[in-house]
Every structure is written in structure tokens, then in C-alpha cells.
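First comes the structure, then the notes that go with it.
No lab work stands behind these numbers, since they all come straight from the coordinates. Since the model is a prediction, treat every value here as computed from it, not as a measurement. When we count neighbours, we look across all protein chains shown, and the Cβ atoms used for this are built from the backbone with ideal geometry, even at glycine.
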Amino acid sequence: MSDWYKRMFEGKMGEYWLSISDGREEATELQFSFLKDVLKKGLTLDLCCGQCRISLPLSAHMSVVGLDLSGFLLRTAKKRAKEASIENLHLVRGDMRYLPFKLEVFENVMNLWTSFGYFQPEEENEKVIKEISRVLRVDGTFILDMFNPGWLLRNFREKDWMESENYLSLEQRSVDWKSKRMQSRWIIVNKQDGRIDEISFDHRIYDLQELKELLSKEGLRTIEVYGSFRKEDFDEAKSGRIIIISRKT
């Protein structure tokens, strides 16, 4: 399970992931509006960019570098950028713990849709924040978007079935509150050819205070905290997301 993130976004699982994230037009528009308002002008790193659902529209307003480990999703992003005649988006394949960039080159870094907390032991996740701080300019902006464990605790479901035009999927979940990790198992049925794929993965759960301490340790000072991309105030019990805007000191 430890290297699940290398398999989840490739091949048939990558195709399923793409089908999930592509069906989020309303969320994409809301996130784009939020980011356009809070990001500074300047070179921006979309860390774990996927198929560049956000970076494609954002690149019309600023230069964006998209980094992801998934070759499948990056090829998809490259194809879509070419079809849209976008030239202000640069794609890089890499591991978020070892960013292939020089010191202090970005005005902004963003890490969205709970793309943080993949690794074990804990020090591996801390490397990600350390690298973000390293490549971010002084007074640069870092935006971190995570699910809120307070909401999860109150709305937890052990199983969920979902159906789309091409897929049936079952997600099974469990939470180890002692280690603060959520384990998930996805079973995906392709309705077109009957193929069944399965993957198990786990994710570190961080509350707001833990995230603020992680950021502060690497010189990233929390400026604002929102509970949604509508800029709603964060509520530990009711907010589905933790969206932190921080600045490098």
C-alpha cells in the first residue's frame, strides 16, 4: 500500500480518476475564481497538477508550472493545452518531495484537492512542506487545500456506491484515529467491458492546528483560513475543507 500513489493515477485507474475529476465543472469554476483573486502575479507552481484542471484556465492569467508524478495525467494535460493553444503552461514530471527547481523561483505554490499526506513515515510529508518553502520566494503565497477531519468525523460513511455513465465504484473506508490515517479501498467496474480494478490506499489526516504548525516550522505564516472556495469562514464541525493561505517569511 505504501506506493499506491504511483499506481492510482496511471493506466485504467488513471482513466477512472480522470472521469471523476473531469465531472467537476462547477467546482473548477469556483476554485479558478478563488485562485485568480488570491494568487499574486508571477510564476505559479501547481503541485500535483493532475490533468491541469485548474492550471489550464489559470495559465491565461499567469505563467504556470504543473508538476505531477503521473505520466498519464501529464500526457492528458499536454494534449488539452495543445488543443486549447495554451503556451503559458509548462509541465514537469516529478516527486513532490524532491522538486527539480532552484531556490525561490515561484511567486505562488498551490496544492489542491487533498494532494498532501500521501507518505509514511511522517517525515516524508514534512519534506514536501520543506521543498515548497525552498522554491517559494520571500513573501510568496502558498495555498493548501485539504479535507477537514472534523467534518469527516461527523459525516463518516464506511461504504459508498457511485455510478456514472461508464463506471460503477465501491469505496470502503476506515479510520485509525491513533495514527491519524484513513484507509480506503476502491473497487471499480468498467460498464463498457466489465473490467474490474481495485486499489487500496491510505492518507494522513491533519487538523487545522497540525497544518499550521507544519507550515510555521518551514517559515510559512498562516494569513487566512477558509472552509470553502466561496471564502466561507472555517468551522471545525461544519466545513468540508481546510483551505490555508500562507506567506513565506
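Let's see if you can work this out: charge +1 on each Lys and Arg Cβ, -1 on each Asp and Glu Cβ, no other charges. What is the dipole magnitude of the chain about its Cα centre, in debye to the nearest 20?
Details: 40 positive and 41 negative charges, 95 e Å.
Roughly 460 debye for the chain.
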Report summary line: Percent of all Cα-Cα pairs per 5 Å bin for region 180-242, counting from 0 up to the last occupied bin, reads 4, 13, 15, 15, 15, 12, 10, 8, 6, 3, 0
Report summary line: Summing -39500 (n - 2.57) over every DSSP H run of at least 4 residues in the chain and dividing by its residue count gives a helix-only mean residue ellipticity at 222 nm, to the nearest 500 deg cm²/dmol, of -9000 deg cm²/dmol
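How much of the calculated P(r) for region 153-200 lies past 18 Å, in percent of all Cα pairs? Each step should come with its number before you reach the end.
On the way: 426 of 1128 pairs.
Counting pairs separated by more than 18 Å, the tail of P(r) holds 38 percent.
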Report task. Would you mind checking Lys130/Lys238; Lys12/Lys212; Lys41/Lys159; Lys6/Lys159 for any pair whose Cα atoms are more than 32 angstrom apart? Result -> Lys12/Lys212; Lys41/Lys159
Query raised in the report: With the dipole of the chain worked out from charges on the C-beta (+1 for Lys and Arg, -1 for Asp and Glu) around the Cα centre, which of Ile187, Gly50, Ser85 lies farthest toward the positive end?
Result: Ser85
Query raised in the report: In angstroms, what radius of gyration and Dmax does the chain have, counting Cα atoms only?
Result: 17.7, 53
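In which sequence would Arg53, Arg154 go, from the one with the fewest C-beta neighbours within 10 Å to the one with the most? Let's see the in-between values first.
On the way: Arg53 24, Arg154 11.
The fewest-first ordering by Cβ neighbours comes to Arg154, Arg53.
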Report task. Write down, largest first, the equivalent ellipsoid semi-axes of region 103-249 in whole Å, where each equals the square root of 5 times an eigenvalue of the alpha-carbon gyration tensor. Result -> 31, 17, 16
Report task. Please list the radius of gyration and Dmax for region 77-157, considering alpha-carbon atoms only, with Å as the unit. Result -> 15.7, 45
**Report entry** Rel. contact order, % - alpha carbon contacts under 8 angstrom, at least six apart, region 153-200
**Finding:** 28
Requested in this report: Would you kindly calculate the mean projected area, averaged across all directions, of the convex hull enclosing the Cα atoms of region 1-93, in square nanometres?
Outcome: 6.2
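Against the 2.2 N^0.38 Å scaling, with N counting residues, where does region 34-175 land? I'd like the Cα-based Rg ratio to two decimal places. Kindly include the intermediate steps, with their values, before the conclusion.
Values: Rg = 16.7 Å, N = 142, 2.2 N^0.38 = 14.5 Å.
Working it through for region 34-175, the quotient is 1.16.
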